[in-house]
Amino acid sequence: MDDERKLHLYERIDEKSQKLPWYVTEYINKKKRIMSPATLLNYCHDYLIFFDWLLAEGFHDAKSTSDIPLSCLESLTPQQIENFLSHLQFRLNNSTLTVNRKLSALKSLFHYLQNIAETSDLKPYIQRNAMAKIELNPVKEDQEAVAQKMAGKILWDNEYEQFRQFVAHDYGVVFKDNKKLYNFHVQNCERDTAIISLILGSGLRLSEVVGLNVDDIDFKKFSARVIRKGNKEQYVFFSEQAMLDLHDYLAVRSKKYDINQSNKALFISSPMGPKGTTRRLSPRAIENMVQKYAKAFGKPSLSVHKLRHSFATRYHAENNDIPKLRRQLGHSSVQTTMIYTHLSNDELKKAVDKMDEHLEDRFPNE
(Lines give C-alpha, C1' and ligand atoms only; values in the text may rest on other atoms or scores of the structure.)
Protein backbone atom coordinates (compact mmCIF):
# COMPACT_ATOMS: atom_id res chain seq x y z
CA MET A 1 0.00 0.00 0.00
CA ASP A 2 1.47 3.33 -1.02
CA ASP A 3 2.24 6.07 1.51
CA GLU A 4 -0.39 8.44 0.09
CA ARG A 5 -3.20 5.92 0.50
CA LYS A 6 -1.97 4.93 3.98
CA LEU A 7 -1.97 8.56 5.03
CA HIS A 8 -5.52 9.01 3.76
CA LEU A 9 -6.72 5.93 5.68
CA TYR A 10 -5.02 7.05 8.90
CA GLU A 11 -6.63 10.47 8.54
CA ARG A 12 -10.04 8.79 8.31
CA ILE A 13 -9.18 6.65 11.35
CA ASP A 14 -8.28 9.76 13.35
CA GLU A 15 -11.50 11.43 12.22
CA LYS A 16 -13.64 8.52 13.39
CA SER A 17 -11.62 8.08 16.59
CA GLN A 18 -12.70 11.54 17.72
CA LYS A 19 -16.25 10.18 18.00
CA LEU A 20 -15.17 7.20 20.10
CA PRO A 21 -14.37 7.01 23.86
CA TRP A 22 -10.76 7.56 24.88
CA TYR A 23 -10.18 3.90 25.72
CA VAL A 24 -11.25 2.80 22.24
CA THR A 25 -8.90 5.36 20.68
CA GLU A 26 -6.14 4.00 22.90
CA TYR A 27 -6.85 0.48 21.66
CA ILE A 28 -6.85 1.60 18.01
CA ASN A 29 -3.52 3.40 18.49
CA LYS A 30 -2.01 0.29 20.08
CA LYS A 31 -3.06 -1.77 17.05
CA LYS A 32 -1.60 0.58 14.43
CA ARG A 33 1.74 -1.18 14.64
CA ILE A 34 0.39 -4.65 13.82
CA MET A 35 -2.82 -4.14 11.86
CA SER A 36 -3.40 -2.63 8.43
CA PRO A 37 -5.05 0.81 8.28
CA ALA A 38 -7.89 -0.62 6.18
CA THR A 39 -8.72 -3.15 8.92
CA LEU A 40 -8.47 -0.51 11.64
CA LEU A 41 -10.83 1.76 9.72
CA ASN A 42 -13.37 -1.08 9.58
CA TYR A 43 -12.94 -1.54 13.34
CA CYS A 44 -13.67 2.15 13.93
CA HIS A 45 -16.81 1.90 11.82
CA ASP A 46 -17.96 -1.19 13.75
CA TYR A 47 -17.31 0.47 17.11
CA LEU A 48 -19.29 3.57 16.13
CA ILE A 49 -22.29 1.41 15.27
CA PHE A 50 -22.03 -0.28 18.69
CA PHE A 51 -21.67 2.93 20.72
CA ASP A 52 -24.44 4.65 18.75
CA TRP A 53 -26.66 1.70 19.64
CA LEU A 54 -25.76 2.00 23.34
CA LEU A 55 -26.94 5.62 23.35
CA ALA A 56 -30.06 4.92 21.28
CA GLU A 57 -31.08 2.14 23.67
CA GLY A 58 -30.54 4.33 26.73
CA PHE A 59 -27.68 2.41 28.32
CA HIS A 60 -26.12 5.73 29.27
CA ASP A 61 -27.19 9.37 29.21
CA ALA A 62 -23.91 10.64 27.74
CA LYS A 63 -24.20 13.54 25.31
CA SER A 64 -22.13 11.77 22.68
CA THR A 65 -20.58 8.40 21.97
CA SER A 66 -17.15 9.71 22.98
CA ASP A 67 -18.43 10.31 26.55
CA ILE A 68 -19.58 6.73 27.27
CA PRO A 69 -17.57 5.52 30.28
CA LEU A 70 -15.96 2.13 30.89
CA SER A 71 -18.54 1.38 33.57
CA CYS A 72 -21.23 1.21 30.88
CA LEU A 73 -19.41 -1.63 29.11
CA GLU A 74 -18.72 -3.41 32.38
CA SER A 75 -22.42 -3.46 33.30
CA LEU A 76 -23.61 -5.01 30.03
CA THR A 77 -25.19 -8.46 30.19
CA PRO A 78 -24.86 -11.26 27.62
CA GLN A 79 -28.55 -10.85 26.74
CA GLN A 80 -28.08 -7.16 26.00
CA ILE A 81 -25.19 -7.99 23.70
CA GLU A 82 -27.35 -10.60 21.99
CA ASN A 83 -29.91 -7.84 21.45
CA PHE A 84 -27.25 -5.77 19.70
CA LEU A 85 -26.36 -8.69 17.43
CA SER A 86 -30.05 -9.09 16.59
CA HIS A 87 -30.11 -5.38 15.77
CA LEU A 88 -27.26 -5.93 13.32
CA GLN A 89 -28.90 -8.91 11.68
CA PHE A 90 -32.56 -7.89 11.53
CA ARG A 91 -32.51 -4.09 11.58
CA LEU A 92 -29.33 -3.41 9.62
CA ASN A 93 -29.68 -6.57 7.48
CA ASN A 94 -26.10 -7.67 8.12
CA SER A 95 -25.17 -11.15 6.90
CA THR A 96 -23.98 -13.84 9.29
CA LEU A 97 -20.40 -13.28 8.21
CA THR A 98 -20.69 -9.51 8.72
CA VAL A 99 -22.18 -9.98 12.20
CA ASN A 100 -19.32 -12.33 13.02
CA ARG A 101 -16.78 -9.77 11.84
CA LYS A 102 -18.27 -7.00 13.97
CA LEU A 103 -18.55 -9.31 16.96
CA SER A 104 -14.87 -10.29 16.56
CA ALA A 105 -13.89 -6.62 16.56
CA LEU A 106 -15.83 -6.06 19.79
CA LYS A 107 -14.47 -9.19 21.45
CA SER A 108 -10.95 -8.00 20.66
CA LEU A 109 -11.64 -4.59 22.20
CA PHE A 110 -13.19 -6.03 25.36
CA HIS A 111 -10.32 -8.52 25.69
CA TYR A 112 -7.88 -5.61 25.59
CA LEU A 113 -9.83 -3.70 28.24
CA GLN A 114 -9.96 -6.68 30.61
CA ASN A 115 -6.67 -8.50 30.04
CA ILE A 116 -4.11 -6.09 28.60
CA ALA A 117 -4.82 -2.45 29.49
CA GLU A 118 -3.96 -1.38 33.05
CA THR A 119 -4.65 1.67 35.18
CA SER A 120 -1.88 3.52 37.02
CA ASP A 121 -2.42 1.23 40.03
CA LEU A 122 -2.03 -1.88 37.82
CA LYS A 123 -5.69 -2.84 37.66
CA PRO A 124 -7.54 -3.83 34.47
CA TYR A 125 -9.78 -1.24 32.84
CA ILE A 126 -12.82 -3.52 33.31
CA GLN A 127 -13.41 -6.46 35.64
CA ARG A 128 -16.42 -7.98 33.85
CA ASN A 129 -16.38 -8.95 30.18
CA ALA A 130 -19.80 -10.09 29.02
CA MET A 131 -18.56 -10.09 25.42
CA ALA A 132 -16.36 -13.10 26.23
CA LYS A 133 -19.52 -15.16 26.84
CA ILE A 134 -20.88 -14.57 23.34
CA GLU A 135 -20.06 -17.08 20.62
CA LEU A 136 -19.70 -16.35 16.93
CA ASN A 137 -22.62 -17.40 14.76
CA PRO A 138 -22.01 -20.75 13.08
CA VAL A 139 -21.64 -20.51 9.33
CA LYS A 140 -23.88 -23.27 8.05
CA GLU A 141 -22.47 -23.61 4.54
CA ASP A 142 -19.55 -26.02 4.28
CA GLN A 143 -16.71 -25.51 1.85
CA GLU A 144 -18.28 -27.70 -0.83
CA ALA A 145 -21.52 -25.69 -0.74
CA VAL A 146 -19.59 -22.42 -0.99
CA ALA A 147 -17.54 -23.81 -3.87
CA GLN A 148 -20.59 -24.92 -5.82
CA LYS A 149 -22.25 -21.54 -5.32
CA MET A 150 -19.07 -19.91 -6.58
CA ALA A 151 -18.87 -22.15 -9.65
CA GLY A 152 -21.62 -20.33 -11.54
CA LYS A 153 -20.18 -16.88 -10.87
CA ILE A 154 -16.59 -17.20 -12.11
CA LEU A 155 -14.88 -17.61 -15.46
CA TRP A 156 -14.32 -21.07 -16.92
CA ASP A 157 -12.49 -22.57 -19.86
CA ASN A 158 -12.35 -20.17 -22.84
CA GLU A 159 -14.12 -17.43 -20.89
CA TYR A 160 -10.80 -16.20 -19.46
CA GLU A 161 -9.50 -15.08 -22.84
CA GLN A 162 -12.97 -14.13 -24.11
CA PHE A 163 -13.46 -11.70 -21.22
CA ARG A 164 -9.96 -10.29 -21.62
CA GLN A 165 -10.56 -9.74 -25.35
CA PHE A 166 -13.93 -8.16 -24.59
CA VAL A 167 -12.27 -5.61 -22.31
CA ALA A 168 -9.43 -4.98 -24.75
CA HIS A 169 -11.48 -4.67 -27.92
CA ASP A 170 -15.04 -5.97 -28.18
CA TYR A 171 -16.57 -3.55 -25.67
CA GLY A 172 -15.67 -0.70 -28.00
CA VAL A 173 -17.29 -2.52 -30.92
CA VAL A 174 -20.50 -3.16 -28.98
CA PHE A 175 -20.81 0.51 -27.96
CA LYS A 176 -19.35 2.15 -31.08
CA ASP A 177 -22.57 4.14 -31.57
CA ASN A 178 -22.47 5.54 -28.02
CA LYS A 179 -19.90 8.31 -28.35
CA LYS A 180 -19.40 8.79 -24.61
CA LEU A 181 -18.86 5.09 -23.81
CA TYR A 182 -16.78 4.52 -26.92
CA ASN A 183 -14.43 7.45 -26.28
CA PHE A 184 -14.01 6.48 -22.62
CA HIS A 185 -13.10 2.95 -23.72
CA VAL A 186 -10.58 4.21 -26.26
CA GLN A 187 -8.98 6.33 -23.55
CA ASN A 188 -8.72 3.52 -20.98
CA CYS A 189 -8.76 0.18 -22.83
CA GLU A 190 -5.02 -0.57 -22.30
CA ARG A 191 -5.23 0.29 -18.60
CA ASP A 192 -8.43 -1.71 -18.04
CA THR A 193 -7.09 -4.71 -19.95
CA ALA A 194 -3.90 -4.66 -17.88
CA ILE A 195 -5.89 -4.63 -14.63
CA ILE A 196 -8.18 -7.49 -15.69
CA SER A 197 -5.27 -9.50 -17.08
CA LEU A 198 -3.18 -8.95 -13.94
CA ILE A 199 -5.92 -10.19 -11.60
CA LEU A 200 -6.72 -13.18 -13.84
CA GLY A 201 -3.02 -13.94 -14.09
CA SER A 202 -2.08 -13.58 -10.43
CA GLY A 203 -5.13 -13.64 -8.13
CA LEU A 204 -4.19 -10.34 -6.48
CA ARG A 205 -6.67 -8.72 -4.09
CA LEU A 206 -8.31 -5.41 -4.96
CA SER A 207 -6.30 -3.51 -2.32
CA GLU A 208 -3.08 -5.05 -3.64
CA VAL A 209 -3.82 -3.97 -7.22
CA VAL A 210 -4.72 -0.45 -6.08
CA GLY A 211 -1.52 -0.10 -4.05
CA LEU A 212 0.87 -1.09 -6.84
CA ASN A 213 3.51 1.39 -7.98
CA VAL A 214 5.34 1.20 -11.30
CA ASP A 215 8.59 0.21 -9.60
CA ASP A 216 6.84 -2.67 -7.81
CA ILE A 217 6.77 -4.60 -11.09
CA ASP A 218 9.75 -6.84 -11.86
CA PHE A 219 9.61 -7.26 -15.64
CA LYS A 220 12.34 -9.90 -15.66
CA LYS A 221 10.89 -12.19 -12.99
CA PHE A 222 7.22 -11.62 -13.88
CA SER A 223 6.44 -10.63 -10.30
CA ALA A 224 4.93 -7.78 -8.34
CA ARG A 225 5.83 -6.50 -4.88
CA VAL A 226 2.64 -6.23 -2.84
CA ILE A 227 1.73 -5.50 0.76
CA ARG A 228 -0.59 -8.25 1.92
CA LYS A 229 -2.90 -8.43 4.92
CA GLY A 230 -1.03 -7.78 8.14
CA ASN A 231 1.36 -5.41 6.32
CA LYS A 232 3.40 -8.36 5.03
CA GLU A 233 5.54 -7.71 1.97
CA GLN A 234 5.50 -10.44 -0.67
CA TYR A 235 6.51 -10.89 -4.30
CA VAL A 236 3.65 -12.43 -6.29
CA PHE A 237 4.15 -13.97 -9.73
CA PHE A 238 1.83 -13.29 -12.65
CA SER A 239 1.28 -14.72 -16.13
CA GLU A 240 3.11 -13.85 -19.33
CA GLN A 241 -0.15 -12.55 -20.80
CA ALA A 242 -0.49 -10.14 -17.88
CA MET A 243 3.06 -8.95 -18.51
CA LEU A 244 2.31 -8.29 -22.17
CA ASP A 245 -0.79 -6.30 -21.28
CA LEU A 246 1.16 -4.33 -18.67
CA HIS A 247 3.75 -3.48 -21.34
CA ASP A 248 0.98 -2.26 -23.67
CA TYR A 249 -0.47 -0.08 -20.91
CA LEU A 250 2.86 1.37 -19.77
CA ALA A 251 3.67 2.29 -23.39
CA VAL A 252 0.74 4.74 -23.39
CA ARG A 253 0.44 5.54 -19.67
CA SER A 254 2.36 8.83 -19.63
CA LYS A 255 0.89 10.17 -22.86
CA LYS A 256 -2.74 9.26 -22.18
CA TYR A 257 -2.85 10.37 -18.55
CA ASP A 258 -0.45 13.34 -18.56
CA ILE A 259 1.18 12.07 -15.38
CA ASN A 260 3.29 14.16 -13.05
CA GLN A 261 6.70 12.56 -12.54
CA SER A 262 6.10 12.38 -8.79
CA ASN A 263 3.09 10.08 -9.33
CA LYS A 264 4.43 6.54 -9.02
CA ALA A 265 1.04 4.79 -8.98
CA LEU A 266 0.79 2.01 -11.55
CA PHE A 267 -2.88 2.43 -12.37
CA ILE A 268 -4.04 6.00 -12.94
CA SER A 269 -7.48 7.56 -13.25
CA SER A 270 -8.52 9.61 -16.26
CA PRO A 271 -7.85 13.36 -15.87
CA MET A 272 -10.61 14.99 -13.81
CA GLY A 273 -11.59 18.54 -12.84
CA PRO A 274 -10.77 21.86 -14.49
CA LYS A 275 -7.02 21.26 -14.17
CA GLY A 276 -7.23 17.72 -15.51
CA THR A 277 -5.82 16.17 -12.33
CA THR A 278 -4.78 12.51 -12.48
CA ARG A 279 -4.47 10.31 -9.41
CA ARG A 280 -4.16 6.72 -8.30
CA LEU A 281 -7.16 4.68 -9.40
CA SER A 282 -9.38 4.06 -6.35
CA PRO A 283 -10.79 0.69 -5.20
CA ARG A 284 -14.33 1.87 -6.01
CA ALA A 285 -13.28 2.90 -9.52
CA ILE A 286 -11.79 -0.54 -10.22
CA GLU A 287 -14.87 -2.28 -8.80
CA ASN A 288 -17.13 -0.15 -11.01
CA MET A 289 -14.92 -0.79 -14.01
CA VAL A 290 -15.08 -4.57 -13.60
CA GLN A 291 -18.83 -4.41 -13.02
CA LYS A 292 -19.30 -2.37 -16.20
CA TYR A 293 -17.46 -4.87 -18.38
CA ALA A 294 -18.99 -7.89 -16.62
CA LYS A 295 -22.53 -6.66 -17.22
CA ALA A 296 -21.84 -5.90 -20.89
CA PHE A 297 -20.10 -9.28 -21.27
CA GLY A 298 -23.24 -11.04 -20.05
CA LYS A 299 -21.86 -12.25 -16.72
CA PRO A 300 -22.99 -9.60 -14.22
CA SER A 301 -22.02 -11.73 -11.21
CA LEU A 302 -18.34 -11.13 -11.97
CA SER A 303 -16.49 -8.87 -9.56
CA VAL A 304 -12.86 -8.24 -8.65
CA HIS A 305 -13.10 -10.99 -6.04
CA LYS A 306 -14.70 -13.39 -8.53
CA LEU A 307 -11.81 -12.75 -10.93
CA ARG A 308 -9.48 -13.69 -8.07
CA HIS A 309 -11.53 -16.86 -7.57
CA SER A 310 -11.32 -17.53 -11.30
CA PHE A 311 -7.52 -17.43 -11.18
CA ALA A 312 -7.39 -19.68 -8.11
CA THR A 313 -9.75 -22.24 -9.64
CA ARG A 314 -7.72 -22.45 -12.85
CA TYR A 315 -4.44 -22.59 -10.95
CA HIS A 316 -5.65 -25.50 -8.83
CA ALA A 317 -7.01 -27.33 -11.86
CA GLU A 318 -3.70 -27.05 -13.71
CA ASN A 319 -1.24 -27.51 -10.85
CA ASN A 320 -3.05 -29.20 -7.94
CA ASP A 321 -0.63 -27.62 -5.47
CA ILE A 322 -2.49 -26.16 -2.50
CA PRO A 323 0.61 -24.91 -0.58
CA LYS A 324 1.82 -22.89 -3.57
CA LEU A 325 -1.70 -21.60 -4.28
CA ARG A 326 -2.06 -20.57 -0.64
CA ARG A 327 1.13 -18.53 -0.88
CA GLN A 328 0.14 -17.02 -4.21
CA LEU A 329 -3.23 -15.87 -2.82
CA GLY A 330 -1.79 -14.74 0.51
CA HIS A 331 -4.16 -16.85 2.62
CA SER A 332 -3.27 -17.03 6.30
CA SER A 333 -5.08 -20.36 6.68
CA VAL A 334 -4.85 -23.35 4.35
CA GLN A 335 -8.53 -24.04 5.04
CA THR A 336 -9.43 -20.94 3.05
CA THR A 337 -7.45 -22.23 0.07
CA MET A 338 -8.98 -25.71 0.35
CA ILE A 339 -12.29 -24.42 -0.99
CA TYR A 340 -10.89 -24.81 -4.52
CA THR A 341 -10.56 -28.57 -4.03
CA HIS A 342 -14.34 -28.88 -3.64
CA LEU A 343 -15.28 -27.86 -7.16
CA SER A 344 -16.72 -30.74 -9.21
CA ASN A 345 -14.46 -32.76 -11.51
CA ASP A 346 -16.46 -31.68 -14.55
CA GLU A 347 -15.94 -28.03 -13.72
CA LEU A 348 -12.27 -28.59 -13.02
CA LYS A 349 -11.84 -30.15 -16.47
CA LYS A 350 -13.47 -27.10 -18.01
CA ALA A 351 -11.08 -24.87 -16.06
CA VAL A 352 -7.98 -26.20 -17.84
CA ASP A 353 -6.93 -23.31 -20.03
CA LYS A 354 -3.67 -22.61 -21.76
CA MET A 355 -2.94 -19.20 -20.34
CA ASP A 356 -0.64 -18.12 -23.13
CA GLU A 357 -2.00 -20.05 -26.12
CA HIS A 358 -2.40 -16.85 -28.16
CA LEU A 359 1.11 -15.55 -27.60
CA GLU A 360 2.62 -17.10 -30.75
CA ASP A 361 0.11 -15.32 -32.92
CA ARG A 362 0.86 -11.98 -31.28
CA PHE A 363 4.64 -12.31 -31.16
CA PRO A 364 5.74 -14.86 -33.81
CA ASN A 365 9.38 -13.76 -33.82
CA GLU A 366 10.00 -13.80 -30.06
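The values are calculated or read from the model by the stated rules, or taken from the named source; none is laboratory data. Predicted model, so just to flag it, every value in this text is computed and none were measured. Cβ atoms come from the backbone with ideal geometry, glycine included; neighbour counts cover every protein chain shown. Only protein heavy atoms, including side chains, enter the accessible area calculation; ligands, DNA and RNA are left aside. Shrake-Rupley method; radii C 1.70, N 1.55, O 1.52, S 1.80 Å.
Just a few scattered comments:
- Cβ-defined net charge surrounding GLY230, 12 Å radius [Lys, Arg +1; Asp, Glu -1]: +4
- Where labels lie 7 Å past Cα in the beta-carbon direction, separation of ALA251 and ALA56 in nm: 5.5 nm
- The chain, relative contact order [Cα under 8 Å, separation at least 6], %: 16 percent
- Surface accessible to a 1.4 Å probe, per residue, for the residues of the chain, Å²: 54 Å²
- Residue with peak Gaussian network fluctuation, the chain [Cα springs, cutoff 10 Å], from GLU318, GLU135, GLU11: GLU135
- GNM flexibility winner over the chain from ASN188, ASN129, ASN260 (Cα, springs under 10 Å): ASN260
- Tensor-based shape of the chain (alpha-carbon gyration tensor, a/c under 1.5 rounded, otherwise prolate or oblate): prolate
- Local charge for TYR293 was computed over the other residues whose Cβ lies under 13 Å away, with Lys and Arg +1 and Asp and Glu -1, and equals +2.
- Close amide H partners of ILE268, meaning residues 5 or more places away or on another chain with modelled amide H under 5 Å apart, are LEU281.
- With θ taken as phi - 60° and the Karplus curve 6.51 cos²θ - 1.76 cosθ + 1.60 applied, the whole-hertz 3J(HN,Hα) list for the stretch 207-224 is 4, 6, 5, 4, x, 5, 9, 4, 7, 7, 8, 9, 6, 8, 9, 6, 9, 10 Hz, x standing for glycine and proline.
- Distance from the stretch 52-115 to the stretch 172-234 (C-alpha centre basis), Å: 39 Å
- With all protein chains in place and a 1.4 Å probe, the accessible surface of the chain carries 49 percent carbon and sulfur.
- Axis angle, to the nearest 10 degrees, between helix 3-17 and the longest C-alpha principal axis of the chain: 30 degrees.
- The chain, helix-only ellipticity at 222 nm - DSSP H runs n ≥ 4, -39,500 (n - 2.57), divided by all residues, nearest 500: -16500 deg cm²/dmol
- Max mean-square fluctuation residue, GNM over the chain, Cα-Cα springs under 10 Å, options GLN261, GLN114, GLN162: GLN261
- Note on ARG128/SER66: beta-carbon distance plugged into 1/(1 + (r/R0)^6) with R0 of 35 Å gives a FRET efficiency of 0.95.
- Among 237-247, 14-24, sorting by the average number of other beta carbon atoms lying within 10 angstrom of each residue, highest first, gives 237-247, 14-24.
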